[in-house]
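The values are calculated or read from the model by the stated rules, or taken from the named source; none is laboratory data. Nothing here was measured: the structure is a model prediction, and the numbers come from that model. Cβ atoms come from the backbone with ideal geometry, glycine included; neighbour counts cover every protein chain shown. These accessible areas exclude ligands, DNA and RNA; they are computed on the full protein's heavy atoms, side chains included. Shrake-Rupley method; radii C 1.70, N 1.55, O 1.52, S 1.80 Å.
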Amino acid sequence: MSVKPHVEAGAGQAGAMAQSHRVVRCHAGACRPDACEFIGEEPLVIRIDGKPYSVVMRTPGEELAHAAGFCLGEGIADSPDDFLTIGYCKDLDPNVVEIRLKPERRERIRDLLDRRSFVSQTSCGICGKELVKDLYQIVAPTEDPFRVPIGRIPDCIQRLSDNQVMHRRTRGAHAAMLMDRRLELVSFAEDVGRHNALDKAIGKAFVARKLSEAVLLILSSRISFEMVQKAARARLPIVIGLSRPTALAAEMGRSLNMTLACTARQSELIVVCGEERLVSDGT
């Protein structure tokens, strides 16, 4: 019988997801005092079995789901059953998450933990061909034949926008949304970093054991190499972004039998690869 990993709670208060700041707003040569909300950003330390593994800059909130999604993307975990516990550090610092792995999982990925050359990055992307080679060792081509009517994609993108409360407040948040085969919401997250938003959305579904239901990923950002990596680890066959993918992302998506597409002008959709999964409404 499968069980959820023990998720410890009760940490102290993290920083605010958004903060109000005084500004001066100028228009047509006239200036006036005003206030604006800026999205929060603080470091999150992810520790694996008592040792620091990574530090990411993120928007406070949903730290445990964030850490779980990060571990899936990195290859540290393949299943929620690989975790003994996911919780805050002994001082209950909301900016430090402690991951405890089951002994058999730790032994299986010992080289990865010892090397600590993460294949995902928080802002600048991947540097070096060796990391690219590492990445292909922890992802595999998808065989999911799921198809979606292309006319439903604009509705899915609109649902992403409708859920972006933090973006409307701050104009500084990225978002990621996972949907199932009925195009119903599986999970959603916002964060100052696009990678973090995806880690949080995947982590929520992963820990809740609903990730296998997800087949479609909608991103508010471009589709970068790292985002394809995270989607592939989560076994998501279709990724839609609001900006064009990088060349490396397109190459990787094609090699992994994924469907990548992005929006263009006048409600146009550019399908980069895997066009067989996007079908006309009458098909």
TODO: Sort out which residues of region 209-244 are without any contact (Cβ under 8 Å) to a residue 60 or more places away in the chain and open to solvent by 30 Å² or more (accessible area, probe 1.4 Å), and write them in order of number.
DONE: LYS210, SER212, GLU213, ARG222, SER243, ARG244
Task: Residue, least open to solvent (accessible area, probe 1.4 Å), within region 245-256, restricted to residues that are assigned to a loop (DSSP other than H, G, I, E, B) and over 22 Å from PHE206 (Cβ atoms) - done: PRO245
Task: Qualifying position, being assigned to a strand (DSSP E or B), open to solvent by less than 10 Å² (accessible area, probe 1.4 Å) and touching a residue at least 40 places away in the same chain (Cβ under 8 Å), among LEU72, LEU44 - done: LEU44
Open item on the list: I'm checking my understanding of the structure. Among residues of region 166-188 that are out of contact with any strand residue (DSSP E or B) (no Cβ under 9 Å at 6 or more places or on another chain) and modelled with pLDDT of 95 or more, which one is surrounded by the most Cβ atoms within 10 Å (Cβ to Cβ)?
Closed with: GLU184
Task: Residues located in region 80-96, provided they are in contact (Cβ under 8 Å) with a residue 12 or more places away in the chain, outside any helix (DSSP H, G or I) and either within 19 Å of LEU211 (Cβ to Cβ) or not hydrophobic (A, V, I, L, M, F, W, C) (or both) - done: PHE83, THR85, ILE86, GLY87, TYR88, ASP93, PRO94, ASN95
Open item on the list: Any residue at all in region 267-277 that's among the small types (Gly, Ala, Ser), in contact (Cβ under 8 Å) with a residue 12 or more places away in the chain, closer than 23 Å to GLN158 by Cβ and open to solvent by 20 Å² or more (accessible area, probe 1.4 Å)?
Closed with: yes
Task: Of all residues in region 97-111 being in a helix (DSSP H, G or I) and open to solvent by 30 Å² or more (accessible area, probe 1.4 Å), the one that is modelled with the lowest pLDDT - done: ASP111
TODO: Report yes if some residue within region 189-198 is out of contact with any Ser or Thr (no Cβ under 8 Å at 6 or more places or on another chain) and open to solvent by less than 10 Å² (accessible area, probe 1.4 Å); otherwise report no.
DONE: yes
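Would you check which residues across region 47-64 are assigned to a strand (DSSP E or B) and within 14 Å of MET166 (Cα to Cα) and list them?
Correct list: ARG58 only.
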Open item on the list: I'd like the full set of residues that are within 18 Å of CYS156 (Cβ to Cβ) and either of a type in the set (A, V, I, L, M, F, W, C) or touching a Gly at 6+ places or on another chain (Cβ under 7 Å) (or both), limited to region 254-266.
Closed with: MET258, THR259, LEU260, ALA261, CYS262, ALA264
TODO: Can you confirm whether region 245-264 contains a residue that is of a type in the set (D, E, K, R) and closer than 22 Å to LEU185 by Cβ?
DONE: no
Open item on the list: Step by step: first the residues of region 1-52, then only those that are at pLDDT 65 or above and of a type in the set (Val, Ile, Thr), then the one that is farthest from CYS71 (Cα to Cα). Which residue is that?
Closed with: VAL24
